[in-house]
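The values are calculated or read from the model by the stated rules, or taken from the named source; none is laboratory data. Since the model is a prediction, treat every value here as computed from it, not as a measurement. Glycine gets a Cβ as well: all are built from the backbone with ideal geometry, and neighbour counts include every protein chain shown.
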Amino acid sequence: MADLSRIKTKIVQEAVAVDPALALDIMLDSLAGQLLHGAHSHQMALEVQAKTITTTVADELMATSDVRPVEEMMATRFASIPEEGRFEAIRELATDDKMALLAGLVAMTVDGTVFAGGSPGRRHYHFEQIARATGVDIAARWSAPIALFDKMRRAAMIDLLREEVGAPSAENCASIKKKADLAVNVSGRLPANWLPAPMKIGAFDQPERQPEDFDTDMEGDDGFDGSMDDEMADDEMA
């Protein structure tokens, strides 16, 4: 859940970074919400204290995407802005460049991440409004790699197949002993452009929604999710 929320945030940040008009609206909404309507900063999907939101995700979970961190894009495009004399340099920028700078900086503060073990709240509802406004196609920017299914419980993968493909397919895969083989089969049988629920636009429209299909606890050093009972035994016997 935490990883998926970071990936989704990364994709939405990228979309905001190329839409200066939307970035301006987001900034104004956040400032007006806090200064005019008494909202707290932690309830907003924009961190106005100029803190870059961390969206670091394991490489294997980004293997199917070419999304770039906005901070890298900004460092490249605006490398000519000096630390000393920054204000003067910004004043000399063309209007289009100023708007692009604004969009990138706003994008770096957009936050739709969920803590491991946490659940969505008011901030995530606000984030969904931003994600929807970008018009970004999440499935076009990221698709579920095998590593995602490796993180899911066996029962969750079978239930997912039953829901998305049908009972016969789920029953057929239920007999697969090794979890790694099951993950490959589930991945191959799901419809094109399938997204896990937390990645869909609107997934957090209802505050405090608790996901059911993914473990929310952090993985241990051994790399196994949740419990290491039947799955570990099955893998050793196969």
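Restricting attention to segment 159-194, which residues are assigned to a loop (DSSP other than H, G, I, E, B), without any contact (Cβ under 8 Å) to a residue 12 or more places away in the chain and in contact with a helix residue (DSSP H, G or I) (Cβ under 8 Å, 6 or more places away or on another chain)?
Applying the first criterion (assigned to a loop (DSSP other than H, G, I, E, B)) to segment 159-194 yields 165-166, 175-178, 190-194.
If we keep only those that are without any contact (Cβ under 8 Å) to a residue 12 or more places away in the chain too, we end up with 166, 175-176, 192.
Result: Ile176, single match.
Please specify each residue of segment 105-158 satisfying the condition of being under 20 Å from Asp29 (Cα atoms), outside any helix (DSSP H, G or I) and of a type outside the set (Val, Ile, Thr).
Across segment 105-158, the qualifying residues are Asp111, Gly112, Gly121, Gly135.
For segment 154-173, how many residues meet the condition of being of a type in the set (Lys, Arg) and crowded, with 17+ Cβ neighbours inside 10 Å?
The initial filter retains those residues of segment 154-173 that are of a type in the set (Lys, Arg), namely 154, 162.
Now narrow it down to the ones that are crowded, with 17+ Cβ neighbours inside 10 Å: 154.
Final tally of qualifying residues: 1.
Give all pairs with beta carbons closer than 6 Å in which a residue from segment 49-65 that is over 26 Å from Asp150 (Cα atoms) meets a residue that is modelled with pLDDT under 90 and aliphatic (A, V, I, L, M); count only pairs at least 6 apart in sequence or on separate chains.
Partner pairs satisfying both residue conditions: Thr52/Met108.
Checking Thr52 against (1) modelled with pLDDT of 90 or more; (2) of a type in the set (Ser, Thr, Tyr); (3) surrounded by fewer than 16 Cβ atoms within 10 Å (Cβ to Cβ): exactly one of these is not met. Which one?
(1)
Please verify whether Lys98 is surrounded by fewer than 16 Cβ atoms within 10 Å (Cβ to Cβ) and modelled with pLDDT of 90 or more, treating the condition exactly as stated.
Yes, satisfied.
Just checking, does segment 87-105 include any residue being of a type in the set (Phe, Trp, Tyr) and touching a residue at least 40 places away in the same chain (Cβ under 8 Å)?
To start, the set of residues in segment 87-105 that are of a type in the set (Phe, Trp, Tyr) comprises 87.
Subsequent filtering for residues that are touching a residue at least 40 places away in the same chain (Cβ under 8 Å) retains none.
Taking every residue of segment 87-105 in turn, none turns out to be of a type in the set (Phe, Trp, Tyr) and touching a residue at least 40 places away in the same chain (Cβ under 8 Å).
Please find, among Gly118, Gly112, the residue that is in the same structural domain as Lys8 (by TED's automatic domain parsing), of a type in the set (Gly, Ala, Ser) and either surrounded by 16 or more Cβ atoms within 10 Å (Cβ to Cβ) or in contact with a strand residue (DSSP E or B) (Cβ under 8 Å, 6 or more places away or on another chain) (or both).
Numbers: Gly118 fails: either surrounded by 16 or more Cβ atoms within 10 Å (Cβ to Cβ) or in contact with a strand residue (DSSP E or B) (Cβ under 8 Å, 6 or more places away or on another chain) (or both).
Answer to the selection: Gly112.
Say we look at segment 44-93 and pick out the residues that are within 27 Å of Gln129 (Cα to Cα) and not in a loop (DSSP other than H, G, I, E, B); which of these is farthest from the chain's Cα centre (by Cα)?
This residue is Met74.
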